[in-house]
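What follows is a set of notes on a single structure, which appears directly below.
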Amino acid sequence: MMKERAEIALRELEDADVTERYLAWFRDPEVTKFLESRDLTRDDVLRFINDSRGKRRFIWAICDADTGLHIGNVKIDVNWKHSAGELSLVIGDKDYWGRGAATRTMQLATEKAFTELGIRKIRSGLYADNHGSRKMLERAGWRLDALQRDELLRDRTPVDRLIMCAFNPGEWRTQPPEGRA
């Protein structure tokens, strides 16, 4: 049976979002299977989200558009010199898995990267055996950019890494938008 499609909204991630519920996502082996971040403390997270926030790091809370419930995060780290960014996302609330939340988030985050930040290219790296994320990125309009052989290690075993990307079809810049510098 198909789950009801989730309507998604993005808002800036706030320190108050880093709750015990949030931290539990990063202790869940299913959630962290393809993530680099695990077993985080609140101090770890606050330090990370506030490092270069709004200048080169942009982090949004993924929320249920109807209830406002925080269900995950999406982050873009920007290299302004090259007008390129690295995007990662996590849907931590497993009730939203299989409901299109990740695809919709990727569409919204890509739009923000191109229209609000004005970057030229956005990419995301993933484990080659993360077939769900690859399909999600393709549904969001991204394409394969590179294959890095044996780039990652899982349990001391080399795993290939895929780089997926999207290009801004409009205008782009090589510095932060006004008010972000």
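Read the figures in this text as sums done on the coordinates, not as results from a lab. Please read all numbers here as calculations on a predicted model, not as lab measurements. Because the Cβ atoms are built from the backbone with ideal geometry, glycine has one as well, and the counts that use them run over all protein chains shown.
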- By a straight-distance test (C-alpha under 28 Å), which lysines pair with Lys3 as possible cross-link partners, with residues fewer than eight away in the same chain excluded? Lys33, Lys75, Lys94, Lys112, Lys135
- Listed highest first by mean packing, meaning other Cβ atoms within 10 Å per residue, what order do 106-115, 44-53 come in? 106-115, 44-53
- Message: Only four residue types carry charge here, +1 at the Cβ of Lys and Arg and -1 at the Cβ of Asp and Glu. Report the dipole size of the stretch 1-71 about the Cα centre in Debye, rounded to the nearest 20.
- Response: 300 debye
- Task: Would you work out which of Val45, Ala61, Val78 lies farthest towards the positive end of the dipole of the stretch 1-111, given +1 charges on the beta-carbon of Lys and Arg and -1 on that of Asp and Glu, about the Cα centre?
- Result: Val78
- Add -39500 (n - 2.57) for each DSSP H run of 4 or more in the chain, then divide by its residues: what number comes out at 222 nm, to the nearest 500 deg cm²/dmol? -6500 deg cm²/dmol
- Message: If I compute volume of the Cα convex hull per residue in Å³ from the structure I just sent, which labelled value in (i) 152; (ii) 119; (iii) 131 lines up?
- Response: (iii)
- Calculate I(q)/I(0) for the stretch 52-105 by the Debye formula, one identical point scatterer on each C-alpha and no solvent, and give its log10 at q = 0.20, 0.28 Å⁻¹ to two decimals. -0.72, -1.05
- At q = 0.19 Å⁻¹, base-10 log of I(q)/I(0) for the stretch 91-140 (Debye sum, equal scatterers on each alpha carbon): -0.70
- Among Trp97, Leu153, Ala166, pick out the residue whose Cα is farthest towards the positive end of the charge dipole of the stretch 31-181, where Lys and Arg carry +1 and Asp and Glu carry -1 on C-beta, about the Cα centre. Ala166
